[in-house]
Amino acid sequence: MKRKWIHPEAPETGRQYWRSLGELEDSKDFKSWLEREFPQGAAELESDDDSRRNFIKLMGAATALAGFGVACSRPVRNLVPFNDHVEWLVPGKALFYATAKPRLGGRGCDPLVVTTYDGRPTKVDGNKLHPNMSGGSDAFTQASILDMYDPDRSRGYLKAGNPTVAADFEGGFLNGFREAASGDGVAFLISENSSPTRARLLADAVAKYAGSKVYSYDVLAGGSREAAENEIYGEGGRAVPNFEKAERVLSLDCDFMGLDKQGEDPVAEFARGRKVDDGGEMNRLYSVESGFTLTGGMADHRYRVASSQVLQVAALLAAEISGFSAGGINKAVYNTKWISECAKDLLAAKGKSLVVAGSAQPKEVHHLVAVMNAALGAPVSVVNTGQKTNSGLAELVADINSGKIKTLFVSTESDPVFDAPADLNVAEAFAKVPRVVHHGVRVNLTARQSTWHVPATHYLEAWGDFRSELGVYSVQQPMIRPMWGGVSEINFLQSLLVSPVAAVAATPVSAGEPVKEGEKAAAPVAVEAKAEVNLVADALVAVQETFKRVAGGADWNDVVRIGFAKDTKYPAASGSPSAPSGLKFSDLPHPEALEVNLVPGSSTYDGRFVNNGWMQESPDPITKLTWDNAALIGFGTASRLGLEDGDMVEIAVGDRSIKAPVLRSPGQADYTLQLSVGYYGVDEEVSVGNVGTGVGFDVNPLRTTANPFVIPGATVKKLGYKHDLALTAEHYSMEGRALVREGTKDMFDEHDDFAQTQGMDAHIPEEISLYKGYDFTSSDDLNPTRNEENSDWALEGHAFRVDPNHQWAMTIDLHSCIGCNACSVACQAENNIPIVGKHQVLAGREMHWIRMDRYFTSEKDHELISDRGGVTDYAFGDKLETPGRRSIDDDAVEMITQPVACQQCEAAPCETVCPVNATVHSSDGLNAMTYNRCIGTRYCANNCPYKARRFNYFDYNKRPLDKLYHGPLAPAEGHATTSEQLQKNPNVTVRMRGVIEKCTYCVQRISKAKIGAKVAARDSADVQVKANSLTVACQDACPAGAIDFGNLMNEKDSIVGGKNNPRNYDLLKYIGTRPRTSYLARIKNPNPAMPGADKVGVSTSKMH
Amino acid sequence: MASDASTTDQPIHPSEAEGVAREPLVLNNRSMAWVTDRICGIVENRQPLIWWVLFIPSVLLAGLLGGTLVYLVSTGVGVWGNNQPVAWGWAIVNFVFWIGIGHAGTLISAILFLTRQKWRTSVNRASEAMTLFAVVCAGIYPGFHVGRFWMVWFLAPIPNANAIWQNFKSPLLWDVFAVSTYFTVSVLFWYVGLIPDLATLRDRAKAKLAKVLYGLFALGWRGGNRQWRHYEMAYLILAGISTPLVLSVHSVVSFDFATSIVPGWHTTIFPPYFVAGAVFGGFAMVLTLMLPVRKLYGLEDMITHKHVDNMAKIILLTGTIVGYAYIMELFISYYSASKYEGDAFHLRILSGPYTWAYYCMFFCNVISPQVFWFKKARLNLWVVFIVANIVNCGMWFERFVIIPTTLARDFLPGQWGYYSPSITEKLMFLGTFGLFMMLFLLFIRFLPVIAIAEVKGVLPENDPHHPDWVKLKEKRRAAAAAE
């Protein structure tokens, strides 16, 4: 029962006190105000006899019924009071803390803000306050939160693969090792990252254990770029490109916007440099690459060439740009016109031209890039990180084999026993080391083979610090106590140096303060050192020590609150690049010697996300493949080799071979196969957790130390059976429908509203319906439905339907969107969207509320890739006999992406067809979905032209994904009902089976903002949410700032400008749904002198 | 008068007066007693072996239907093959299929009754029963295809605590009303027609239980004039009510598609096209059932070649209307110049993944009935039976072409998909056939398959002026005199 507020009665005698004139007069208004202070219905219950009687009656009846039905009762659940809670916590309200994580690839870091509810981190976003970052993130960052809750993480110590306890490790190894303090034969194998504290502790460890040596290994760290930089700028010198300042960018096999990030915040910088609306100069991107990447998809001119040939292209470019003498190249097989026009264009924009090369490219290419950048005066900052370059895995194996290593500490994100180059035989080598101590988050193959395994913490569970590429110091602070009792890398190093209990003896430390709640820094709060938090507190001491050294002047509390120390940066370095000599050029791949390119997995990166369901189900941005990797192959090559999608092949290089399915991909260089690393293969024996086991194909046997990523001389043999590939989009072409509209810079300059007449928009007949509906966006006070032709009767009594203060809308700028999936995964995290598993994706039941529609276009749209079943011969022209030599026309295939979520139509087709009124329009313009009213007829999904509605075919949140078909016979606790439940956003319903769901424009955030505005407004009528103060999850996540969301009724809101942008168009406007989400057309900036320039960016200009 | 008539040259019967020799509706000059005996005999005698051979598997299949429904509700709609973009699969295909079959019965019983087509009398009872059983099978699908079966009562306009009404704009809700109305009226119509015959069975019944039960359902029928007067009025009124329902149900079902915006569904031609298709498919199913029944129970004298011939002609007519609709759809999509419409039909007939289904449909529904232009084909019962079954398949394919294949290719090519049914869906469809057959066999077993009273009404014996009857009477008299 709700407690009722009893108003104190006025004393009968003496002075009368009153609090307002209303009370004095005892007016009717005051009385009703008094009553209204309580929840609706509370007062009625008291004043209205009938209701009260009814209440008693119903109670009696209900009790009686309950008596009859006592056989069934719900399980007893207890509410536990939150007595001992986190500081600043208001139950139900989120707290936001700043932290950071190392960036994938080992350079720089991602400064973050983490949303926590009741001590549970639920969502990760970029830190908008950071000076060099936009606040966007990527799919991996978004999905990393799920890894923290992953129940398959390492949950305890292992001794020779068998569970043991920390004390056993300390007693059995650590104490003795520490006391012996001997560095003889001690080796550390680490992952590169930018943490200064770790570097310091590692240096201390090396000093304490004199003679020990540090090696580093990451699957994807080739080290060639760093090696070139070391040679040019001295050890620790690093070149950091600035894409914002670059008007011409040439990417040499570098997916700098996707999986091979360079610079502080490349996507945001590039997007800012590409802005067209303010009339400024728009940048132009050239891309030379083998298979499509996100970067290649954004490129204005893309040159399709095998990865091994990038060196030749770079040399030819350098010859034009910096006078490099590139002898020995057979120019006939390269598109020299492309190369020379590109070089000319770069030179023409001297000082604003930038060349970048991918990390998989050899050192020589990076030297050539440095030479070109120097010649072009490229916007590249060179800094000295002071980082030492460690030896690689090959040296470690050599040292092991020569018997030098006796104790090996492995603390790398990779799994060397599994994913090291095949020729190193790491498993065999590690077996020779007497003591291998593995420290990691996963019990992977290395962990199982090691003498000891120490569980590591997730980055959200530990103190630490990182520096961005330019050296801005960021603090990593824990959001939660280690879920499974792991030890952070810093703690681990500390434990080698000194006994943990001794270190923390009397050092009071202060914890961080939330960043968004309250602007002023609160006084430091002392955390009493307790035995159980020793390790965590210990790391804090170490981080604070580093902090003092790096950013001595800054206030620690302030830095922890905002997440970084503003004025920190690396010192500048310099060096003069010199052209490499003695370049060895390789032959073009051909049918007998194909080239295999190994690239990071768009879902698994190097394998560390292999057990992350969100990532596994996040479709590859290019191929739309989920839950697998496949050998991507060009259409021409596939046809030449007689391969079709899903065909299993054996790919052999020398005596090493792998099996993988083939998937044809447009724009792939001829005679190349592109495979992604990071999958453990179909062998169920290799257990990597519930999600990742048995997924994908292991490509590591093809890797060698000499050719870790680009492997020449491969042959392909068809195995004669097929593998099911779970693609979320099986169609490649827009089929002549102007869905993702694009134009060129020239078209834009001529008619900036060119997009509004593309497609069938020019043929839309006049609306001749008698009923015009409401004009939701008219801001005519309380009667906003005024519409010229509306008669008054239509309005009467309907004003409540329209909120005069808020009408929400969204624009998605296709010009900036790179198609990276960050929005999609962010939405998954924010809105508790389940994963459905490979089988369900194959069945076409993925649940993403915002998806990325990807289309390929080319001149002959239909012939090219009209259907995946058809034979396609665009790469199969008469010039095929001399592979490599082809006109750019053959290669003019462009990739365009379009994020599609519910468009929140004003005239929503879904609403009219729902028989039970489960989807209705809200007063603020949302197409609302009422889950508990939905019976699941799915008619709305059929009638949605955008196919934005998703149906819960099974209890995805309740049942294990491999037992969906077992129904109630499956246990009601799946992978998602244990620890991963803690990730759920408490403000969003977790949907049951049988209901439709879809994008809600993050209605929970809207409601929160509206309530906030109402509370702040008090008695005034100013209940409008402040302009641009409300963001939705996809918008927060977008690294390119392509998504804008706001209130059409507030002129100060940026959305109003977005909607008035001449590039703005509605998707499928012809069918008259009046969507609230609209798109801004994409502009390409082709160089007219380039071959095939007339075919760039015009794919939709002639469409009807 | 009758004896006078035989001696004058004046035509005394309209058919003779017009000079048209009408084919008798009951052959071989069967008497009323024979009609009663023959029809009641089906109920009263032991069923032939073939009845059991059909009945037992039907019961098993109906049980299978129950099993698949339990699995469906307990596990989720995911046990079917539906997906995003094809959210409706076989369930709705089969719903429309069964509902379509349920059309011929009421058409025969109501419209042909109102238009005084006397040949209807020997086929109306069975086809009405078929209608009811088909609607039962159809009704299972929309009820169970929803995601939360236990919330299906939200579709009923009953007051609830949240004061939420149904969405009266939704064709699905119209469906609920249309189908339930249709079923109710059809049951009533069928039952009212059964009353005199139930009384006959009651009077002939020997077993106590049968007597009681038939008596109970015969509602005290004594066959008095007053009762007949009321009966015929009630029957006429129900026929009047049923007639618009024949047209409305399938029109409303077609609105499920026509009022949507999906290219390929959004077509004004749908209501007449669906009704014609339903009549077409319904008659095919009547023939499929009646031809074997006629043979097995020796009803050739009552269900004659004339009936088969008439129904074949209706199939030819409606099949051609359906063919016209198919071609008109293509023309309209071309003529509309709408990209999406044009593509929808282009994909349907030329380059889509389900082109085969379109041509299956076209062959079965438009080409195959054309043999009925030939009288020889209409009179060959094997040809009629085979064509009727081809049409049954064709009508199923029509719904398949309309529903999943359209959804698989709509506005955004990035979301194009493919649908194939799961084993559960297939078993469930098989199960509805089991249920249908089971109900129909039980109907044969327990109720008169032909309306006894109505057939008697079309016997020459019933009309004292009928020349046949006059001749027959003389013949019988002569025979008596000779004796």
Please note which strands (runs of 3 or more DSSP E) are completely contained in segment A:217-324 and include at least 1 residues that are under 17 Å from A:N335 (Cα atoms). A:248-252, A:284-289, A:301-304
Please verify whether A:Q840 is under 21 Å from A:D620 (Cα atoms) and at pLDDT 90 or above, treating the condition exactly as stated. yes
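Would you pick out the residues in segment B:117-153 that are facing chain A (nearest Cβ under 10 Å), assigned to a helix (DSSP H, G or I) and in contact (Cβ under 8 Å) with a residue 40 or more places away in the chain? Break it down into steps so the answer makes sense when it comes.
Keep residues of segment B:117-153 that are facing chain A (nearest Cβ under 10 Å), which gives B:142, B:145-153.
After this cut, where a residue has to be assigned to a helix (DSSP H, G or I) as well, the list is B:142, B:149-153.
If the condition is that a residue be facing chain A (nearest Cβ under 10 Å), assigned to a helix (DSSP H, G or I) and in contact (Cβ under 8 Å) with a residue 40 or more places away in the chain, then B:P142, B:F149, B:W150 are the ones that fit.
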Residue ID - nearest to B:G100 (Cα to Cα), chosen from residues in segment B:251-274 that are in a loop (DSSP other than H, G, I, E, B) and more than 14 Å from chain A (Cβ to nearest Cβ): B:I269
In segment A:691-715, the residues that are surrounded by fewer than 22 Cβ atoms within 10 Å (Cβ to Cβ) and either among the small types (G, A, S) or assigned to a strand (DSSP E or B) (or both): A:G694, A:A706, A:P712, A:G713, A:T715
Identify, by number, the condition in (1) surrounded by fewer than 22 Cβ atoms within 10 Å (Cβ to Cβ); (2) among the charged types (D, E, K, R); (3) within 14 Å of another protein chain (Cβ to nearest Cβ) that B:K376 doesn't meet. (3)
Complete set of residues in segment A:740-762 that are of a type in the set (G, A, S), in contact with a helix residue (DSSP H, G or I) (Cβ under 8 Å, 6 or more places away or on another chain) and within 14 Å of chain B (Cβ to nearest Cβ): A:G759
Hydrophobic (A, V, I, L, M, F, W, C) and touching a residue at least 40 places away in the same chain (Cβ under 8 Å): which single residue out of B:F270, B:F331, B:F257 fits that description? B:F257
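Considering A:K1014, A:K1008, A:K1102, which residue is over 27 Å from A:G136 (Cα atoms), among the basic types (K, R) and not in a loop (DSSP other than H, G, I, E, B)?
Exactly one residue qualifies, and that residue is A:K1014.
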Search result, residues across segment B:454-481 that are aliphatic (A, V, I, L, M) and more than 33 Å from the chain's Cα centre (by Cα): B:V470, B:L472, B:A478, B:A479, B:A480, B:A481
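Which residues, taken from segment A:910-930, are more than 7 Å from every other protein chain (Cβ to nearest Cβ) and either of a type outside the set (V, I, T) or over 22 Å from A:N832 (Cα atoms) (or both)? Before the answer, list the steps.
To start, the set of residues in segment A:910-930 that are more than 7 Å from every other protein chain (Cβ to nearest Cβ) comprises A:910-911, A:918-930.
Correct list: A:C910, A:E911, A:A918, A:H921, A:S922, A:S923, A:D924, A:G925, A:L926, A:N927, A:A928, A:M929.
To keep it simple, each residue is scored yes or no on (1) assigned to a loop (DSSP other than H, G, I, E, B); (2) within 14 Å of another protein chain (Cβ to nearest Cβ).
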| position | (1), (2) |
| --- | --- |
| A:N1050 | yes, no |
| A:V1056 | no, no |
| A:Y1070 | no, yes |
| A:P1075 | yes, yes |
| A:P1088 | yes, no |
| A:P1091 | yes, no |
Residue that is farthest from the chain's Cα centre (by Cα) [pool: residues in segment A:693-739 that are within 14 Å of chain B (Cβ to nearest Cβ) and over 30 Å from A:F754 (Cα atoms)]: A:D724
With criteria (1) at pLDDT below 95; (2) within 21 Å of the chain's Cα centre (by Cα); (3) more than 14 Å from chain A (Cβ to nearest Cβ), B:S58 comes up short on (1)
Restricted to segment B:73-116, and to residues that are free of Cβ contacts under 8 Å to residues at least 12 places away in the same chain and farther than 20 Å from B:L407 by Cβ, which residue is farthest from the other protein chains (Cβ to nearest Cβ)? B:R116
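What are the residues in segment A:56-105 that are at pLDDT below 70 and either assigned to a helix (DSSP H, G or I) or not charged (D, E, K, R) (or both), if any? I'd like the intermediate steps shown before the answer.
First, pick out the residues of segment A:56-105 that are at pLDDT below 70: A:65-75.
If the condition is that a residue be at pLDDT below 70 and either assigned to a helix (DSSP H, G or I) or not charged (D, E, K, R) (or both), then A:L65, A:A66, A:G67, A:F68, A:G69, A:V70, A:A71, A:C72, A:S73, A:P75 are the ones that fit.
Let's see how each residue does on (1) outside any strand (DSSP E or B); (2) of a type in the set (V, I, T):
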| residue | (1), (2) |
| --- | --- |
| A:L598 | no, no |
| A:N611 | yes, no |
| A:M615 | yes, no |
| A:I622 | yes, yes |
| A:N629 | yes, no |
| A:L632 | no, no |
| A:S639 | yes, no |
| A:E644 | yes, no |
Output yes when any residue across segment B:419-440 is under 29 Å from the mean Cα position of the chain (by Cα), surrounded by fewer than 16 Cβ atoms within 10 Å (Cβ to Cβ) and closer than 18 Å to B:G193 by Cα, and no when none is. no
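Of these, B:R148, B:R125, B:R46, B:R120, which one is surrounded by fewer than 19 Cβ atoms within 10 Å (Cβ to Cβ), of a type in the set (K, R) and out of contact with any His (no Cβ under 7 Å at 6 or more places or on another chain)?
Numbers: B:R148 fails: surrounded by fewer than 19 Cβ atoms within 10 Å (Cβ to Cβ); B:R125 fails: surrounded by fewer than 19 Cβ atoms within 10 Å (Cβ to Cβ); B:R120 fails: surrounded by fewer than 19 Cβ atoms within 10 Å (Cβ to Cβ).
Only one candidate qualifies: B:R46.
Among what's in segment B:400-441 and is in a helix (DSSP H, G or I) and free of Cβ contacts under 8 Å to residues at least 40 places away in the same chain, pick the residue that is farthest from the other protein chains (Cβ to nearest Cβ).
Taking segment B:400-441 and keeping what is in a helix (DSSP H, G or I), we get B:400-402, B:404-407, B:413-415, B:423-441.
If we keep only those that are free of Cβ contacts under 8 Å to residues at least 40 places away in the same chain too, we end up with B:413-414, B:423.
On the way: B:P413: 4, B:G414: 3, B:I423: 11 Å.
Out of the qualifying residues, it is B:I423.
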In segment A:175-189, how many are within 38 Å of the chain's Cα centre (by Cα) and either without any contact (Cβ under 8 Å) to a residue 12 or more places away in the chain or more than 17 Å from A:V441 (Cβ to Cβ) (or both)? 3
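Looking at the structure I just gave you, is A:E650 surrounded by fewer than 24 Cβ atoms within 10 Å (Cβ to Cβ) and part of a strand (DSSP E or B)?
When the stated conditions are applied, A:E650 passes them.
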Hey, B:V70 hits all of (1) surrounded by fewer than 19 Cβ atoms within 10 Å (Cβ to Cβ); (2) within 14 Å of another protein chain (Cβ to nearest Cβ); (3) of a type in the set (V, I, T); (4) in contact with a Leu (Cβ under 7 Å, 6 or more places away or on another chain) but one; which does it fall short on? (4)
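Tally the residues that are in a helix (DSSP H, G or I), within 11 Å of another protein chain (Cβ to nearest Cβ) and surrounded by 19 or more Cβ atoms within 10 Å (Cβ to Cβ), restricting the search to segment B:345-357. Quick ask: steps written out before the conclusion?
Of the residues in segment B:345-357, the ones in a helix (DSSP H, G or I) are B:345-351, B:355-357.
Filter once more, so that each one left must be within 11 Å of another protein chain (Cβ to nearest Cβ): B:346-347, B:351.
With surrounded by 19 or more Cβ atoms within 10 Å (Cβ to Cβ) added as a condition, the list becomes B:347.
Residues in segment B:345-357 being in a helix (DSSP H, G or I), within 11 Å of another protein chain (Cβ to nearest Cβ) and surrounded by 19 or more Cβ atoms within 10 Å (Cβ to Cβ): 1 in total.
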Could you tell me which numbered condition A:R933 fails, if it satisfies all but one of (1) free of Cβ contacts under 8 Å to residues at least 60 places away in the same chain; (2) more than 9 Å from every other protein chain (Cβ to nearest Cβ); (3) farther than 21 Å from B:T424 by Cβ? (2)
Which condition does A:A1027 not pass, out of (1) within 14 Å of chain B (Cβ to nearest Cβ); (2) touching a strand residue (DSSP E or B) at 6+ places or on another chain (Cβ under 8 Å), if it passes all the others? (1)
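The values are calculated or read from the model by the stated rules, or taken from the named source; none is laboratory data. What you see is a predicted model; the values in this text were computed from it and never measured. Reconstructed Cβ throughout: ideal geometry from the backbone, glycine too, with neighbour counts over all protein chains shown.
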